[in-house]
2 protein chains.
Amino acid sequence: MELKKIIEEKSKESWEIYLPSISIDCVVFGFHDGALKVLVLKMKGKNLLGLPGGYIKKRENLNEAASRILQRRTGAENIYLSQFSTFGDLDRSESFFEEYSDTLWNKQRFVSVGFYALVDYSKVNLVIDEVFDPCEWMPIEELTEFMMDHQMIFDKALSTLRKQLNDKPIGYNLLPEKFTMPELQKLYEIILGKKLNRGNFYRKMLRYDILEKLDESRKGGAHKAPDLYKFDVEKYQLALTNGFNEGW
Amino acid sequence: MELKKIIEEKSKESWEIYLPSISIDCVVFGFHDGALKVLVLKMKGKNLLGLPGGYIKKRENLNEAASRILQRRTGAENIYLSQFSTFGDLDRSESFFEEYSDTLWNKQRFVSVGFYALVDYSKVNLVIDEVFDPCEWMPIEELTEFMMDHQMIFDKALSTLRKQLNDKPIGYNLLPEKFTMPELQKLYEIILGKKLNRGNFYRKMLRYDILEKLDESRKGGAHKAPDLYKFDVEKYQLALTNGFNEGW
């Protein structure tokens, strides 16, 4: 079926199923090959990137909707999702559908709630769809032009993620189960986009008390074998909920 | 006119003016008499506290709507408003209007965007309304039961404000133009709900580089007169926008 027909067909359904005026956009980060990547999609025939998103069912909580949308796109369950901001400017998305009738669902005004997620790259199976090309992982330095206001949503997600490194742990699901301190530091450096001092990083990370030092070390290098660590899942979850209580 | 009639009358207007499914709730903090206070209202005849809120006009940006709502309630212009979270659980507000017809605007499902504001207590003129008793300032330790999910919205605003003390300045508009370091520390202690170490506070605050030390000191006490400071407005605004860039 022609793309325009598919979108018009879906529109009728959407008016029945979803809550009007409100949508969800997801910024999904994964860590792979030493790079921070983000999940993007392209609408068929358009050369613009988009963030995976959707709408809230009339009888569904906001957070449930975000999980459902992400699961449908990625096949991954129990994804850690964090709401970061809501985008409500006029004409943030409406004009994208200007070639359609004014009664098209997608052409209405939507205030969009942004969620970001950190996922295990290896557990994601990208799902195919009639309207969009399949999602793909793209390194954040290689992103090209986004549709609608998705650049703004992406930028805000990344700046929030960077800020949250100060009061929440990160790394579980992004790193292998056992890792070295330099590997953890590398993850932070990639997210922050800057080099960190090794000694400061080490001290700060130990003070957070979320790591468990293992009785093994990484074998095989020419240098002294570095110690291996894993996350103490209980303490990690606690810190995820309560924050690090650093600062004042 | 009877309250029920007024609400039903307003409902008809609301369906025409506003975007469906989406609302705004504001948590407005002020500092007065050495206490952190919050602006609350009571619906006439109900003994529950509520947060001032409203809806978004069909042709109005989200942030503009929040400013308009707050200005109408407080008479104050140019209030620093910060979006902190969006609340979208089912039945968060609908059942509050159970005695009304299902077509009542207020009885619909609304996903609500929370904004918090820090205002100059002295510049606020509380505005009277037909549906609600006038807003009043209430010290945060004296708050009684809230309507709907407003306790959750308030709690989240306060915890966000506490966290943001770590990466944004606070105090401008809340303190008099000239203040001493102990006065600024007192403000932090009241917001955080805990005592702070004097030396650490002093060092951290100077490192933030947002204060200007004046050639005057507070006269009149038995002790050595404490130095007076004021905010360097330019640096303060810059830090408000960019954050303190502490942390990693």
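The values are calculated or read from the model by the stated rules, or taken from the named source; none is laboratory data. It should be emphasised that the depicted structure is a prediction, and the values quoted were computed from it without experimental measurement. Here Cβ is always computed from backbone atoms with ideal geometry, including for glycine, and neighbour counts include all displayed protein chains. Each accessible area value is taken on the protein alone, full model and side chains, heavy atoms only, with ligands, DNA and RNA left out. Shrake-Rupley method; radii C 1.70, N 1.55, O 1.52, S 1.80 Å.
Overview of results
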item	result
Residue list for the stretch A:157-185, restricted to those being within 13 Å of another protein chain (Cβ to nearest Cβ) and farther than 18 Å from A:Tyr80 by Cβ	A:Ser159, A:Gln185
Condition broken by A:Ile191, with the remaining ones in (1) closer than 23 Å to A:Val28 by Cα; (2) open to solvent by 30 Å² or more (accessible area, probe 1.4 Å); (3) not small (Gly, Ala, Ser) satisfied	(2)
Contacts under 7 angstrom Cβ, first residue in the stretch B:44-66 being farther than 17 Å from A:Val113 by Cβ and free of Cβ contacts under 8 Å to residues at least 24 places away in the same chain, partner in a loop (DSSP other than H, G, I, E, B) and open to solvent by 10 Å² or more (accessible area, probe 1.4 Å), 6 or more apart	B:Arg59/A:Leu90
Entirely in the stretch B:32-117, the strands (runs of 3 or more DSSP E) that have 2 or more residues that are farther than 30 Å from B:Lys194 by Cβ	B:53-57
Candidates B:Lys194, B:Lys219, filtered to the one that is part of a loop (DSSP other than H, G, I, E, B), more than 18 Å from the chain's Cα centre (by Cα) and under 28 Å from B:Gln83 (Cβ atoms)	B:Lys194
Test set (1) within 27 Å of B:Phe231 (Cβ to Cβ); (2) at pLDDT below 85; (3) surrounded by 17 or more Cβ atoms within 10 Å (Cβ to Cβ) - B:Gly171 fails condition number	(2)
Any chance A:Ser11 is in contact with a Leu (Cβ under 6 Å, 6 or more places away or on another chain) and either away from chain B (no Cβ under 14 Å) or closer than 21 Å to A:Thr160 by Cα (or both)	yes
Residue match in the stretch A:119-140 (condition: under 26 Å from B:Ser21 (Cβ atoms), open to solvent by less than 40 Å² (accessible area, probe 1.4 Å) and within 14 Å of chain B (Cβ to nearest Cβ))	no
Filter pass, A:Ile153 being in a helix (DSSP H, G or I) and either open to solvent by 20 Å² or more (accessible area, probe 1.4 Å) or hydrophobic (A, V, I, L, M, F, W, C) (or both)	yes
